[in-house]
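Every number in this text was worked out from the coordinates using simple rules, so none of it is lab data. These figures come from a predicted structure and were not determined experimentally. Because the Cβ atoms are built from the backbone with ideal geometry, glycine has one as well, and the counts that use them run over all protein chains shown.
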Amino acid sequence: EAQVTQNPRYLITVTGKKLTVTCSQNMNHEYMSWYRQDPGLGLRQIYYSMNVEVTDKGDVPEGYKVSRKEKRNFPLILESPSPNQTSLYFCASADRENSPLHFGNGTRLTVT
Amino acid sequence: AQSVTQPDIHITVSEGASLELRCNYSYGATPYLFWYVQSPGQGLQLLLKYFSGDTLVQGIKGFEAEFKRSQSSFNLRKPSVHWSDAAEYFCAFLSGAGSYQLTFGKGTKLSVIP
């Protein structure tokens, strides 16, 4: 089944403790992206990647890192999480430009 | 600046009633437009898209949307709402050919009264 898989689905952590949210897609898509969703703000893009070893900042990149060492994986790294990064995070992928995004089921992160 | 606006934060309709969710965009050319739906605890699922051609597009789950260039709008409609349609709906657009960058509206939450 074609899908975007995020792990974990839920994560509670404390300020400053490094964490990684994994994202994997099995559709051989070139493009991958991370979004955060907050009430009243919709979805905002954090980082995106056009292909392996090619990443770029989205609208709200501060406090986040990403890597794209393989085509299928695009992990989101929070080196020193803070409470304002408490949010619902989505990974998405697309096979070519102008194509609709395929979304994962989300990771709900709480930073205390 | 490029943007997409969903004027209604929350809409409540009775089951069986018709539905229209509004979406307006701000862009100098014709964007590529999408509607996504997010059910509670789920990711976003594509309902329909408009790239060019016929301005009335059909999507999944009985939804349709109409692109109106003169009004910079891409409103989503459904003739008869089902209780399972209760969800949050997002309008989004790509800024044109060769783009991956999707800009989302802030969403409209739909509640359905049985």
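Of note:
- Of the residues examined, A:Arg108 is not one that is in contact with a Phe, Trp or Tyr (Cβ under 7 Å, 6 or more places away or on another chain), without any contact (Cβ under 8 Å) to a residue 24 or more places away in the chain and outside any loop (DSSP other than H, G, I, E, B).
- Screening A:Leu109, A:Leu88, A:Leu78 for residues that are within 17 Å of A:Tyr47 (Cβ to Cβ) and either under 10 Å from the mean Cα position of the chain (by Cα) or within 14 Å of chain B (Cβ to nearest Cβ) (or both) leaves exactly one candidate, A:Leu88.
- Residue in region B:72-81 that is farthest from the other protein chains (Cβ to nearest Cβ), counting only those that are under 14 Å from B:Leu19 (Cβ atoms) and surrounded by 13 or more Cβ atoms within 10 Å (Cβ to Cβ): B:Val81
- Some residue of region B:19-30 being touching a strand residue (DSSP E or B) at 6+ places or on another chain (Cβ under 6 Å), of a type in the set (Val, Ile, Thr) and either surrounded by 13 or more Cβ atoms within 10 Å (Cβ to Cβ) or away from chain A (no Cβ under 14 Å) (or both): no
- Here B:Ser111 meets the list (1) in a strand (DSSP E or B); (2) under 15 Å from the mean Cα position of the chain (by Cα) almost entirely, failing just condition (2).
- Count of region B:3-18 residues, restricted to those that are within 26 Å of A:Trp34 (Cβ to Cβ) and either in contact with a strand residue (DSSP E or B) (Cβ under 6 Å, 6 or more places away or on another chain) or more than 14 Å from chain A (Cβ to nearest Cβ) (or both), is 4.
- Take the conditions (1) of a type outside the set (Lys, Arg); (2) assigned to a strand (DSSP E or B); (3) buried (at least 16 other Cβ atoms within 10 Å of the Cβ); A:Met50 misses just one of them, which is (3).
- Residues in region A:48-75 that are within 12 Å of chain B (Cβ to nearest Cβ) and touching a residue at least 12 places away in the same chain (Cβ under 8 Å): A:Tyr48, A:Ser49, A:Met50, A:Asn51, A:Val54, A:Gly58, A:Asp59.
- Inspection of region A:76-83 identifies no residue that is assigned to a loop (DSSP other than H, G, I, E, B) and either without any contact (Cβ under 8 Å) to a residue 40 or more places away in the chain or aliphatic (A, V, I, L, M) (or both).
- Total residues in region A:3-41, condition part of a strand (DSSP E or B), surrounded by fewer than 20 Cβ atoms within 10 Å (Cβ to Cβ) and within 13 Å of chain B (Cβ to nearest Cβ): 3
Residues checked against (1) at positive phi; (2) of a type in the set (S, T, N, Q); (3) crowded, with 17+ Cβ neighbours inside 10 Å; (4) part of a strand (DSSP E or B):
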residue: B:Thr12; (1), (2), (3), (4): no, yes, no, yes
residue: B:Ala17; (1), (2), (3), (4): no, no, no, no
residue: B:Gly41; (1), (2), (3), (4): yes, no, no, no
residue: B:Gln45; (1), (2), (3), (4): no, yes, no, yes
residue: B:Asp54; (1), (2), (3), (4): no, no, no, no
residue: B:Val57; (1), (2), (3), (4): no, no, yes, yes
residue: B:Lys61; (1), (2), (3), (4): yes, no, no, no
residue: B:Ser70; (1), (2), (3), (4): no, yes, no, no
